[in-house]
Amino acid sequence: MPDAVYRLDPDGRFAYLNPAAERMLGRRAEELLGRSARDAFPALRGSLAEEQYQQVLGDGRPREFHFFYEPLARWFEVRIFPDPAGAAVLFRDIDGRRRSDEERDAQLRGLSAVLEALPSPTVLVGPDGRILSANGAWTRSGEDLLPAVSWPGRPGEDYLTAMTRGLGPRAHAELTAGVRSLLGGATSSDGRTFSLDYSADGPTGPVFFHLQATRVDREGRVVITHTDVTEQVRARDDLVWKVRHDDLTGLPNRARLLELTGEALAAPGRTAGALLMIDLDGFKTINDSLGHQIGDELLRQVAGRLSEEIRPGDTVARLGGDQFVVLAHGCDASEAAALAFRLQTVFVQPFTSGEISVPLSASIGVAVARPDVVDAHHLLSDADAAMFAAKSSGRDRVHLFSPSLREAARWRLEVATRLRGDAIDQLVVHYQPVVRLDDGRIEGVEALVRWQHPERGLLAPDTFLSVAEETGQIIPITRWLLRETTRRAAEWAADGMPLRMSVNVSARHFSAETLVRDVRVALQQSGLPADQLVLELTETSVAEDPTRAEDQLSVLRRFGVRVAIDDFGTGWSSLAQLFSLPIGTLKIDRSLLAAAERVSVGDTGAVLAAIVGLTRTLGIRSVAEGIETPEHLRMVRAAGCDLAQGWLLGHPMPADRLREWVREVQRQGGDLCTLAVSGGAVPASR
C-alpha cells in the first residue's frame, strides 16, 4: 500500500509496520516492534492522535482526522480502525495539500470579504463554473428586483445554469461563451475580462444590468459583477428621445425627420413618398402681439390637429419656429397634393387660447420623392423650395415642387451670397418722375434701385430685393441708397433743378432701429434739406410693427422729412391705425386704378374720388401710380389727385438721362401732362 500502515496492540505497542510506515516515521521496524508508541514518540502524549486512539478502543468505532505533528511541523491524515488485537492505523502526509487548501480558503475568505464590500450584486465562480461565494447585494437583488424562486443562483449552484432563469437565449449564449473563455486556458491570473449588457424582467418592468467578469487567480476563479444600470439606461433613453424630438410639441425634430426620411428613401423596393412642408402664415405677428406663451400654446394645438389628420404610418415633425413637416409614405404627386389640401382643413376653424380666438392659415410645399432622390436633405430642400413658392404666391396656398423651383432657390442663394459680398458696389439707381396734376410740372422723382449684374445684365428690384429682405441685407442697401439719392438730389438742386427725392424704406429698418440715424447721416453728408426727402413705406410693412414705426417716423417728421404710404390698397391694415402715423402723402396703387375702371359705370372717377376726398380731409396729399394711358390721366385728374407717376409720364431712367429729359420737358413748356396726352412731344425716357 502507498499509505503508511502500522498496528498497535491493546497496550499501545507496535505490532506491525509496513515499509511506507518505516519511511514516514524515520525508524526501522526492528527498532519499534514491541515498543510503546508513547515512548517511541513522546510528542504523541496527550495529543489528538492519542485521544482518538483511546476512543476507538473504547467504543470500537473507526476514526478519521487530520493531525498536526509538531516535531515534523507537518499535517497528516489519520484513519484508525478497531481490531480484536488492538487497532490498525493508516496515515499519509497531506501537509502540502492542507496548506494549499488553507491558502485557498484564506484567499476565498479575502475575496468574499471584498465581494461583500461591493455595492453591486457579485459572485465568485470556481474553475468548474459553480458559485463559490456571493455577496449580500446578489441575494438582495433577487429579493428586490426579481422573483426569489427564479434568480439569483446560490453558492454551490452552476452559475451559467442559474443565469438561464434570468436571461434570454441570445444574451445567455453570449454570457456562456464569455465566461467559459475566462474559466479555461490560462494557468495564471492574466486580467482577462468580459462584459455584457443585458436586461431581465422585473416586477415593475425591465431591469437593465452591466455585467463585468474578470479572471482573478491562477486557479481559474472568476469574479462576476452585475451592476444595475436601469436608471442610467432610462436617463440615456430619455436624452436620446429629447435629442430627436421637439420640446414644445413632442413631435420628431429635424434630425429625427431626416433619419426617418433617409430610412424611407433607402428601403428596398420603396414606393413613392413625399414631404409636405407646412409654414404658418404671419405667425410672427401673433407672437409679437399676443406673446410667446400664447404662441407656444397655438403651436401645440397645430401639432395636435396635424397629428390627427395624417394617415396611419405617416409622421408629423416640427422643424422649429412655425414650420412643420409631414412625411407621407407610398403616395404619388396627386395623392400628396390631396393630403396637402386635407391638411389645410386643419386651419378652417380658429385656434383658441383661453378666451382668445386666433385664425391661422398655412402655406404648404409638396415634394414627391423621385427615383433619383436618395438623400433626405435633398428632398427636404425640394419641399422648402415649394413652400417658399406657395408663400410667395399669396400665402394659404399649396405648391408642388418642380425643377424650376430649385433653380430659383439656387438664384436666391447666389443673391444672398453676393449681397453679403461686392454686389452693393454693382447697384445703380433709376429715377421715375412724379408730376403735379394741376400744372403738369415735375415735382420730384422716386428712386428705384437696380442691380447691374456682371453676367445677367441689369436686374429689376423684384429679382433680388425679396432675398435682401429675408437676409437682412436690405438695411445696408437702403443705407447706401439714402446716401446716393440725397447726394444726387443735392447736386441737382445746386444745378437749378430742385426735385423732391422719394426713397423706399423696408420694415426691417424699423426693427433694426437705425432708420433715424441713417437718414440724418445721409442728409448731413449730402446737405439736402430734410423736407426734400420723402420716405416711402408700404402699408403692409407699417402694419407689421405700427408702434415702432410710429415712434421712428414721428422723430423723422419733426426733423422735417416727409413720409408717404406706398401701394395703398394692397394691404389689410386698419385705416385708423394707418392715419395715426405722421403721413404726408398717400400713393394709390395701380390695382385700385384698374379696379375703378372695371367697377365704375358712367363716372369712372367715383371710387378714386372717395379715396382722395378722405386723404384731403386728413390733410394728406395723394399720388396716383401706374398712369399708363390718357384715360388713366383723365380719371385721376377728375378724382382730384395731387400727383401722378407712370409710364405715360415718364419711365425710370438713370441720373444722367433724367437731367437731359427734364431740361427737354422744360424747353417744351414744362406741362408734362399736356405733352403726354398730345403724344410724341415727351422725349423718350427708356
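The values are calculated or read from the model by the stated rules, or taken from the named source; none is laboratory data. Being a predicted model, the structure only gives us computed values, none of them experimental. Don't worry about glycine lacking a Cβ; one is built from the backbone with ideal geometry, like all the others, and counts go over all protein chains shown.
A few points about this structure:
- Of all residues in segment 407-425, none are hydroxyl-bearing (Ser, Thr, Tyr) and closer than 30 Å to residue 669 by Cβ.
- Annotation: of all residues in segment 270-313 being in contact (Cβ under 8 Å) with a residue 24 or more places away in the chain, of a type in the set (Asp, Glu) and farther than 16 Å from residue 363 by Cβ, the one that is surrounded by the most Cβ atoms within 10 Å (Cβ to Cβ) is 297.
- Counted residues, segment 383-422 - those being buried (at least 18 other Cβ atoms within 10 Å of the Cβ), at pLDDT below 85 and either out of contact with any helix residue (DSSP H, G or I) (no Cβ under 9 Å at 6 or more places or on another chain) or under 23 Å from residue 536 (Cβ atoms) (or both): 2
- Inter-residue pairs, beta-carbon under 8 Å, first under 24 Å from residue 207 (Cβ atoms) and in segment 227-251, second among the charged types (D, E, K, R), 6+ apart: 229/197
- Candidate set: segment 505-521, residues that are surrounded by fewer than 22 Cβ atoms within 10 Å (Cβ to Cβ) and touching a Ser or Thr at 6+ places or on another chain (Cβ under 9 Å); chosen: the one farthest from residue 666 (Cα to Cα): 508
Yes or no, residue by residue, for (1) hydrophobic (A, V, I, L, M, F, W, C); (2) in contact (Cβ under 8 Å) with a residue 24 or more places away in the chain; (3) assigned by TED's automatic domain parsing to the domain that holds residue 442:
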| site | (1), (2), (3) |
| --- | --- |
| 625 | no, yes, yes |
| 637 | no, yes, yes |
| 640 | no, yes, yes |
| 665 | yes, yes, yes |
| 669 | no, no, yes |
| 672 | yes, yes, yes |
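Per-residue answers, yes or no, for (1) aromatic (Phe, Trp, Tyr); (2) closer than 25 Å to residue 626 by Cα; (3) at pLDDT below 85; (4) in contact with a Phe, Trp or Tyr (Cβ under 7 Å, 6 or more places away or on another chain):
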site	(1), (2), (3), (4)
437	no, yes, no, no
450	no, yes, no, no
481	no, yes, no, no
491	no, no, no, no
497	no, yes, no, no
502	no, yes, no, no
511	no, no, yes, no
515	no, no, no, no
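- Selection from segment 397-440 of residues that are within 30 Å of residue 676 (Cα to Cα) and of a type in the set (D, E, K, R): 436, 438, 439
- Those helices (runs of 4 or more DSSP H) of segment 462-549 in which at least 1 residues are under 28 Å from residue 442 (Cβ atoms) and in contact with a strand residue (DSSP E or B) (Cβ under 7 Å, 6 or more places away or on another chain), considering only elements entirely within it, cover 474-494, 515-526, 539-544.
- Restricting the search to strands (runs of 3 or more DSSP E) fully inside segment 51-100 and requiring at least 2 residues that are closer than 24 Å to residue 19 by Cβ and touching a residue at least 60 places away in the same chain (Cβ under 8 Å) gives 86-93.
- Top-ranked residue in segment 417-449 [being without any contact (Cβ under 8 Å) to a residue 60 or more places away in the chain and assigned to a strand (DSSP E or B); ranked as nearest to residue 488 (Cα to Cα)]: 447
- Within the set 108, 115, the sole residue that is modelled with pLDDT under 80, closer than 27 Å to residue 133 by Cα and touching a Lys or Arg at 6+ places or on another chain (Cβ under 9 Å) turns out to be 108.
- Top-ranked residue of segment 178-201 - restricted to ones that are of a type in the set (S, T, N, Q) and modelled with pLDDT of 85 or more, ranked as nearest to residue 164 (Cα to Cα): 199
- Among residues of segment 647-677 being surrounded by 23 or more Cβ atoms within 10 Å (Cβ to Cβ) and within 55 Å of the chain's Cα centre (by Cα), the one that is nearest to residue 613 (Cα to Cα) is 650.
- Positions within segment 118-161 being within 18 Å of residue 208 (Cα to Cα), modelled with pLDDT of 80 or more and not in a loop (DSSP other than H, G, I, E, B), in sequence order: 122, 123
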